[in-house]
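Chemist: I am attaching a structure below and will ask some questions about it afterwards.
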């Protein structure tokens with residue numbers, strides 16, 4: 001019986017990995033199911049990201065997925081997205097695998113991807129009345145184009161006429177129909 005009890009004291013990991021934290025100490029009594037160590041699996045590193053629900057839905061059309069960490073870019077591919085929305089943050093968890101050499105385990109960074117439709121930066125979005133939208137230049141005047149579904153502080157997609165010039169400076173103080181002047185990109189003024 002004593003030999004059997006000693007055999008139960010031997011703890012083995014279910015995978016090759018690295019011990020990050022030792023929770024229990026030698027000689028401690030540990031009830032069944034209590035954590036003893038915190039391990040990291042070194043076999044196949046993955047990137048886990050919490051994404052806004054609408055961003056998670058757009059991943060199916062995404063291309064050029066990259067995980068940026070410590071100034072380096074690591075190409076990744078989508079493995080899976082949970083179908084459950086985390087209630088308090090309104091996010092969904094997505095997992096990505098590295099294409100080639102990945103970032104060191106435990107790295108933090110930014111996940112970037114491209115969508116077929118062009119998205120405009122959040123800084124161009126303005127509120128006029130109850131609507132969010134963007135200003136474009138039409139016949140030397142500003143025209144407000146509402147953007148349904150846009151959220152403040154987030155990049156957005158807008159249905160704009162082909163070749164439309166988007167107002168990129170001073171849009172917060174513009175009104176629909178107000179006269180505007182244009183200058184080539186990069187020219188100071």
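Chemist: Mind checking which residues of the stretch 139-156 are over 29 Å from residue 52 (Cα atoms) and modelled with pLDDT of 90 or more?
Modeler: 141, 142, 143
Chemist: So which residues in the stretch 24-52 are surrounded by 12 or more Cβ atoms within 10 Å (Cβ to Cβ) and outside any strand (DSSP E or B)?
Modeler: Once the filter is applied, which keeps residues that are surrounded by 12 or more Cβ atoms within 10 Å (Cβ to Cβ) and outside any strand (DSSP E or B), the stretch 24-52 yields 24, 30, 36, 45.
Chemist: Could you please let me know if residue 60 is under 29 Å from residue 97 (Cβ atoms), out of contact with any helix residue (DSSP H, G or I) (no Cβ under 9 Å at 6 or more places or on another chain) and at pLDDT below 85?
Modeler: Taking the combined requirement at face value, the residue satisfies it.
Chemist: In the stretch 157-189, how many are buried (at least 17 other Cβ atoms within 10 Å of the Cβ) and at pLDDT 85 or above?
Modeler: Count: 4.
Chemist: Also, I was wondering about something else. From the list 52, 73, which one is closer than 30 Å to residue 157 by Cβ and in contact (Cβ under 8 Å) with a residue 60 or more places away in the chain?
Modeler: Sole residue among the options that is closer than 30 Å to residue 157 by Cβ and in contact (Cβ under 8 Å) with a residue 60 or more places away in the chain: 52.
Chemist: Next question. Which condition breaks for residue 18 when tested against (1) over 25 Å from residue 112 (Cβ atoms); (2) surrounded by 14 or more Cβ atoms within 10 Å (Cβ to Cβ); (3) touching a residue at least 60 places away in the same chain (Cβ under 8 Å)?
Modeler: Failed condition: (2).
The rows are residues; the columns are (1) outside the structural domain of residue 53 (by TED's automatic domain parsing); (2) within 28 Å of residue 43 (Cα to Cα); (3) touching a residue at least 24 places away in the same chain (Cβ under 8 Å).
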| position | (1), (2), (3) |
| --- | --- |
| 77 | no, yes, no |
| 83 | no, yes, no |
| 107 | no, yes, yes |
| 137 | yes, no, yes |
| 163 | yes, no, no |
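Chemist: Hey, residue 83 hits all of (1) closer than 30 Å to residue 151 by Cβ; (2) in contact with a strand residue (DSSP E or B) (Cβ under 9 Å, 6 or more places away or on another chain); (3) surrounded by 10 or more Cβ atoms within 10 Å (Cβ to Cβ) but one; which does it fall short on?
Modeler: Among (1) closer than 30 Å to residue 151 by Cβ; (2) in contact with a strand residue (DSSP E or B) (Cβ under 9 Å, 6 or more places away or on another chain); (3) surrounded by 10 or more Cβ atoms within 10 Å (Cβ to Cβ), the lone unmet condition for residue 83 is (3).
The values are calculated or read from the model by the stated rules, or taken from the named source; none is laboratory data. Small disclaimer: the values here were computed from a predicted structure and weren't measured. We place every Cβ from the backbone using ideal geometry, glycine too, and count neighbours over all the protein chains shown.
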